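Shown next, in structure tokens, is the structure this report addresses.
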Amino acid sequence: MTLAQAAVLFDLDGTLVDPAGGITGGIASALQEAGLPVPSDQALEAMVGPRLSHALQEFAGVPAHRVEEVIGLYRRHYRSTGMAASRVYPGIRDLLVELRARGYALAVATQKPRTLARDLLAQHGLLESFDAVQGSSDDETAQAPGQGVPLGKQQIIAAALQDLGAPASAVMVGDRYQDVEGALANGLPCIGVAWGFAVEDELENAGAVSVVESAEELLSGLPGPAGAQPGVLRPAGREAVATVAAVGGAVVDGAAEEEDHGRI
């Protein structure tokens, strides 16, 4: 791509793909198999988005010393049945085709582990639609070298922008407040989608420039040929470059050194 090209970055679960119970059901099955209590459906849904290790402790009361065990059980359930249960949201395939035709560069910036994200996109025939896929580390206990704390959505978005060659303008699209906050930290606007897992007013309160009800409405809010109109696109670069520079070599090789803030 050229530096003049505009880009659209997407979250994955709750934005492009409906987990259709594959995530919450997988967590419930993992907790049952581990002999741990299963929280309410509301608590399970609240676990879609945040860092998995923290969510297990906060919403399911999993003891810290058993988190890694439960994550392993969950991953097994998700790969065996959860991925197959998921589906692409209505209108998303046509949206991606049209954005390509308009000349946009496209990327996925998800808190799901990167390899799992690529596998999910491939299963639904979407992987080739994207110029870059960034996510958290496949090692869900990994932390950034020398930083002492895990990396999160801000760094994942910054890494995706870097993969795209620092586009002149970009916008993030997502369904949770983490998407909005990560975009804003990189100097990008974020369009929220109403079909995901956000609770009422979550996206607006986080600072989303708008919240759309359908893929068609999302498309109508973006400029025609990339860069032809300002729309909601905002120049990308200074904040994202600063983010990448701040973590030094931590955001490298597909975020291989990133953390388990992984969307599950």
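Scan region 148-158 for residues that are at pLDDT below 85 and open to solvent by less than 30 Å² (accessible area, probe 1.4 Å) and report the count.
Residues in region 148-158 being at pLDDT below 85 and open to solvent by less than 30 Å² (accessible area, probe 1.4 Å): 2 in total.
Being small (Gly, Ala, Ser), modelled with pLDDT of 90 or more and more than 14 Å from the chain's Cα centre (by Cα) is the filter here, so list the residues in region 121-147 that pass it.
Selection gives Ala122, Gly125, Ser129.
Looking at the structure I just gave you, is Ile92 crowded, with 19+ Cβ neighbours inside 10 Å, modelled with pLDDT of 90 or more, over 21 Å from Asp18 (Cβ atoms) and in contact with a helix residue (DSSP H, G or I) (Cβ under 7 Å, 6 or more places away or on another chain)?
On the way: crowded, with 19+ Cβ neighbours inside 10 Å: yes; modelled with pLDDT of 90 or more: yes; over 21 Å from Asp18 (Cβ atoms): no; in contact with a helix residue (DSSP H, G or I) (Cβ under 7 Å, 6 or more places away or on another chain): yes.
So Ile92 does not fit the description; no.
Out of Ala170, Ala198, Ala208, which single residue is outside any loop (DSSP other than H, G, I, E, B) and either modelled with pLDDT of 65 or more or within 27 Å of Asp138 (Cβ to Cβ) (or both)?
None of the others qualify; the one that does is Ala170.
Report yes if some residue within region 32-42 is open to solvent by less than 70 Å² (accessible area, probe 1.4 Å), touching a helix residue (DSSP H, G or I) at 6+ places or on another chain (Cβ under 8 Å) and among the hydroxyl-bearing types (Ser, Thr, Tyr); otherwise report no. Show your work before the answer.
Taking region 32-42 as the starting set, the residues that turn out to be open to solvent by less than 70 Å² (accessible area, probe 1.4 Å) are 34-36, 38-40.
Of the ones still in play, those that are also touching a helix residue (DSSP H, G or I) at 6+ places or on another chain (Cβ under 8 Å) are 34, 36, 38-39.
Filter once more, so that each one left must be among the hydroxyl-bearing types (Ser, Thr, Tyr): none.
No, there is no match, as no residue in region 32-42 is open to solvent by less than 70 Å² (accessible area, probe 1.4 Å), touching a helix residue (DSSP H, G or I) at 6+ places or on another chain (Cβ under 8 Å) and among the hydroxyl-bearing types (Ser, Thr, Tyr).
Pairs under 6 Å by beta carbon, first residue among the small types (Gly, Ala, Ser) in region 64-85, partner open to solvent by less than 70 Å² (accessible area, probe 1.4 Å) and at pLDDT 90 or above, six or more apart or different chains?
Pairs found: Gly82/Gly26.
Could you check region 50-68 and list, in sequence order, the residues that are open to solvent by 60 Å² or more (accessible area, probe 1.4 Å) and either among the basic types (Lys, Arg) or modelled with pLDDT of 90 or more (or both)?
Filtering region 50-68 for residues open to solvent by 60 Å² or more (accessible area, probe 1.4 Å) gives 54, 57-59, 64-65, 68.
Answer for region 50-68, where residues must be open to solvent by 60 Å² or more (accessible area, probe 1.4 Å) and either among the basic types (Lys, Arg) or modelled with pLDDT of 90 or more (or both): Gln57, Glu58, Phe59, Ala64, His65, Glu68.
State all residues of region 5-28 that are among the aliphatic types (A, V, I, L, M) and open to solvent by less than 10 Å² (accessible area, probe 1.4 Å); if no residue qualifies, say none.
Ala6, Ala7, Val8, Leu9, Leu12, Leu16, Val17, Ile23, Ile27
Within region 101-114, is there a residue that is farther than 25 Å from Ser214 by Cβ and open to solvent by 10 Å² or more (accessible area, probe 1.4 Å)? Walk me through it before giving the result.
The first filter runs over region 101-114 and keeps only residues farther than 25 Å from Ser214 by Cβ, leaving 113-114.
Within this subset, residues satisfying the condition of being open to solvent by 10 Å² or more (accessible area, probe 1.4 Å) are 114.
Yes.
Go through region 108-122 residue by residue and tally those that are part of a helix (DSSP H, G or I) and hydroxyl-bearing (Ser, Thr, Tyr).
Start the filter on region 108-122 by keeping residues that are part of a helix (DSSP H, G or I), which leaves 114-122.
Still in the running and hydroxyl-bearing (Ser, Thr, Tyr): 115.
Residues in region 108-122 being part of a helix (DSSP H, G or I) and hydroxyl-bearing (Ser, Thr, Tyr): 1 in total.
Among (1) at pLDDT below 95; (2) farther than 30 Å from Gly103 by Cβ; (3) in contact with a Lys or Arg (Cβ under 9 Å, 6 or more places away or on another chain), which single condition is Asp13 missing?
Exception for Asp13: condition (2).
The values are calculated or read from the model by the stated rules, or taken from the named source; none is laboratory data. Because the structure is predicted, anything quoted here is derived from the model rather than measured. For neighbour counting, all protein chains shown are included, and Cβ atoms are generated from backbone atoms with ideal geometry for every residue, glycine included. For accessibility, only protein heavy atoms count, side chains too; no ligands or nucleic acids. Shrake-Rupley method; radii C 1.70, N 1.55, O 1.52, S 1.80 Å.
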